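**Q** Mind having a look at this structure? Questions to follow.
The values are calculated or read from the model by the stated rules, or taken from the named source; none is laboratory data. Keep in mind it's a predicted model, so treat the numbers as computed, not measured. Reconstructed Cβ throughout: ideal geometry from the backbone, glycine too, with neighbour counts over all protein chains shown.
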Amino acid sequence: MIQSLSGEMVHPQIVDYFLETAHREDFWLDLASPRLYSLLLHNGPYKRLEVDLAEITRIAKVFRNIIDFRSRYTATHSSGVAECAAMMARLFGFTETETELIEVAGNFHDIGKLVVPNSILNKAGKLTRKDIAIIRQHPYHTFSILNTIGGLRDIAEWAAFHHEKLDGSGYPFHHSANKISTQARIVTIADMFTAMSENRPYRVGMKQETVLAELKKQADANMLDKQIVSLLHDNYQNIRHRIVEKQTLTQEYYDKKFAFLA
């Protein structure tokens, strides 16, 4: 089956590497081992490899596509979040390096959704309590994955806290304002703004006045950062325009390369 994917869904060289390795019994025993995570963490060939910001940015975009391209409805979500977060970071006054790191967090923020089945992500009807419980796990997994990589602690928090609220009512960590950085607050609002503006299986994207009203409502209730919501309000059209441009390019790439998987 894997050989049949060569040159179509998987690069031929990757298939060759797999076939070269697959004849070894220890490979399959490692896969079945309860110590697999420890084996990968401590014995991998790149355990001490250091990469610069440019390389981290490229890696984040690769994982963004792996995460989002599982469904047509999410194909452009993280690219929109990353673009929105980066624009707001610049408007807020962050340096270009800090802005790039926030953009990386935006691209990584939903990596934990890889644990969520497509049947739930693409569900057109009402989600069950079990469905919701599974979806609400994803920020925890985002943090767990990113925090195992040395040097990404800050990015792990900015990415994983995108469902936290300043009053402690968010999930899954229930952090309150004193534990939620400005960078994480920006990613939270970027995620909400992008998600509300997008079409989903169960609704069409919300209009500007509806989006801004909901953000203001949560800011007034001390759930979101009022300064960042105000920043988005004052620059809505420019930010929305840039997001649409970015998501259009991502959608074109998805349609060209991956739409047949949907």
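Matching residues to (1) more than 23 Å from residue 258 (Cα to Cα); (2) under 28 Å from the mean Cα position of the chain (by Cα); (3) in the same structural domain as residue 147 (by TED's automatic domain parsing):
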position: 1; (1), (2), (3): no, no, no
position: 4; (1), (2), (3): no, no, no
position: 22; (1), (2), (3): yes, no, no
position: 25; (1), (2), (3): yes, no, no
position: 33; (1), (2), (3): yes, no, no
position: 39; (1), (2), (3): yes, yes, no
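**Q** What number of residues within segment 136-156 are under 13 Å from the mean Cα position of the chain (by Cα) and at pLDDT below 95? Outline the logic, then answer.
**A** Start the filter on segment 136-156 by keeping residues that are under 13 Å from the mean Cα position of the chain (by Cα), which leaves 138-143, 145-146, 155-156.
With the extra rule that they be at pLDDT below 95, the set shrinks to 145.
Final tally of qualifying residues: 1.
**Q** Of all residues in segment 105-152, which are among the aliphatic types (A, V, I, L, M) and touching a Lys or Arg at 6+ places or on another chain (Cβ under 7 Å)?
**A** As a first pass, look at segment 105-152 and keep what is among the aliphatic types (A, V, I, L, M): 105, 111, 114-116, 120-121, 124, 127, 132-135, 145-146, 149, 152.
The answer is 121, and nothing else.
**Q** Return the residues of segment 201-218 that are surrounded by 15 or more Cβ atoms within 10 Å (Cβ to Cβ) and either assigned to a helix (DSSP H, G or I) or of a type in the set (Lys, Arg) (or both); say none if nothing qualifies. Before you say what the answer is, go through the steps one by one.
**A** Step one: filter segment 201-218 for residues surrounded by 15 or more Cβ atoms within 10 Å (Cβ to Cβ), giving 206, 211-212, 214-216, 218.
Matches in segment 201-218: 211, 212, 214, 215, 216, 218.
**Q** Collect the residues in segment 219-262 that are more than 19 Å from the chain's Cα centre (by Cα), of a type in the set (A, V, I, L, M), part of a helix (DSSP H, G or I) and surrounded by fewer than 15 Cβ atoms within 10 Å (Cβ to Cβ), keeping them in residue-number order.
**A** Listed by number, the residues that qualify are 259, 261.
**Q** Select from segment 54-98 the residues that are surrounded by fewer than 18 Cβ atoms within 10 Å (Cβ to Cβ), within 14 Å of the chain's Cα centre (by Cα) and either among the aliphatic types (A, V, I, L, M) or within 18 Å of residue 239 (Cα to Cα) (or both) and list them in ascending order.
**A** Of everything in segment 54-98, those that are surrounded by fewer than 18 Cβ atoms within 10 Å (Cβ to Cβ), within 14 Å of the chain's Cα centre (by Cα) and either among the aliphatic types (A, V, I, L, M) or within 18 Å of residue 239 (Cα to Cα) (or both) turn out to be 59, 62, 66.
**Q** Same structure, new question: Name the residues in segment 72-81 that are assigned to a helix (DSSP H, G or I) and in contact with a Phe, Trp or Tyr (Cβ under 9 Å, 6 or more places away or on another chain), would you?
**A** Residues satisfying the conditions are 78, 80, 81.
**Q** Any residue that is of a type in the set (Lys, Arg), part of a helix (DSSP H, G or I) and crowded, with 17+ Cβ neighbours inside 10 Å - is there at least one of those in segment 161-169?
**A** The answer is no; no qualifying residue exists.
**Q** Would you confirm, using the coordinates I've provided, whether residue 258 is among the aromatic types (Phe, Trp, Tyr) and under 17 Å from residue 165 (Cα atoms)?
**A** no
For (1) without any contact (Cβ under 8 Å) to a residue 12 or more places away in the chain; (2) of a type in the set (Gly, Ala, Ser), each residue gets a yes or a no:
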position: 30; (1), (2): yes, no
position: 33; (1), (2): yes, yes
position: 49; (1), (2): yes, no
position: 55; (1), (2): yes, no
position: 63; (1), (2): no, no
position: 71; (1), (2): no, yes
position: 80; (1), (2): no, yes
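**Q** Within segment 6-24, does at least one residue satisfy the condition of being in contact with a Pro (Cβ under 8 Å, 6 or more places away or on another chain), surrounded by 10 or more Cβ atoms within 10 Å (Cβ to Cβ) and either at pLDDT below 90 or not acidic (Asp, Glu) (or both)?
**A** yes
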